[in-house]
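What follows draws every value from the coordinates through simple rules; no lab data is involved. Quick caveat, the model's predicted, so the values are computed rather than measured. Counting neighbours? That spans all protein chains shown, and the Cβs are built from the backbone with ideal geometry, glycine included.
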Amino acid sequence: MTDARLAVLLATVATLLGCASTAPVVEKTIEPTASPDTSFVLSRDPSPARKTEPAVNAGQVHVGELWWPFRGSYLKVGEAAARDRDLEISEKQAPNDFWDEQTAIETIFIWGTFCNECHGGRRRMEDAVKMPGPAANWGRGEGLFFGIRRPYAEIFRTVSNGKIEKEGNRWKMPAWRGKLSKEQIWALIYFIEFQSGGIEGRFPPSLYPRGETADRP
């Protein structure tokens, strides 16, 4: 390298060092840069709204007036149509297509919230969700409940109207008419029969009458 070129190179280096010494010091920060970064997990750019499907459950029991818009949303019909649909359901025999993901989950909420206190028995969400749908002729004639055959219409009437007899200082069973829809009652009856071993001969059953639970694992 010639002396002239060496002198130019040294002058350039000196200039760069002088600029670096006068430049302001930039403090480090954990904040993202101002420029948009689509790969940054905490991007400040608003994400587009996502479409949501009708809720299967909303973490609560839907009784009375809460049921109609909730059920109608799942079935993709209006609230009035959901009411009319339930009015057509018989109290003497089960309808078709009453058991689906929504009614299965709703049933376990109903059982755990209202029934378990008096009736006892183990119950889990997966017990209801994994249950197969009822046979085409289910809910007609008699069913097997805790080893006892009883007409479905009688079970429905008991759940709907309750029992007026008293047991100690409390009614044996409150009336659920007007609080549960007919479809909810039929779903509950199916759940009870299936989980008490009356369908498919399941043993051990998941539900037992109150008084026997202490002796079961």
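See the values below:
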quantity: Greater than 24 Å apart at Cα, pairs in LYS130/LYS182; LYS130/LYS172; LYS92/LYS130; LYS76/LYS163; calculated: LYS130/LYS172; LYS92/LYS130; LYS76/LYS163
quantity: Residue-by-residue Karplus 3J(HN,Hα) for segment 151-159, coefficients 6.51, -1.76, 1.60, Hz, glycine and proline x; calculated: x, 4, 4, 5, 4, 4, 5, 5, 5
quantity: Virtual spin-label span in nm between VAL77 and ARG140, 7 Å along Cα→Cβ; calculated: 2.1 nm
quantity: Other-chain or far-sequence residues with amide H under 5 Å of LYS163's (modelled H); calculated: MET173
quantity: Residues whose placed amide H lies under 5 Å from that of PHE145, excluding near-sequence neighbours; calculated: ARG150
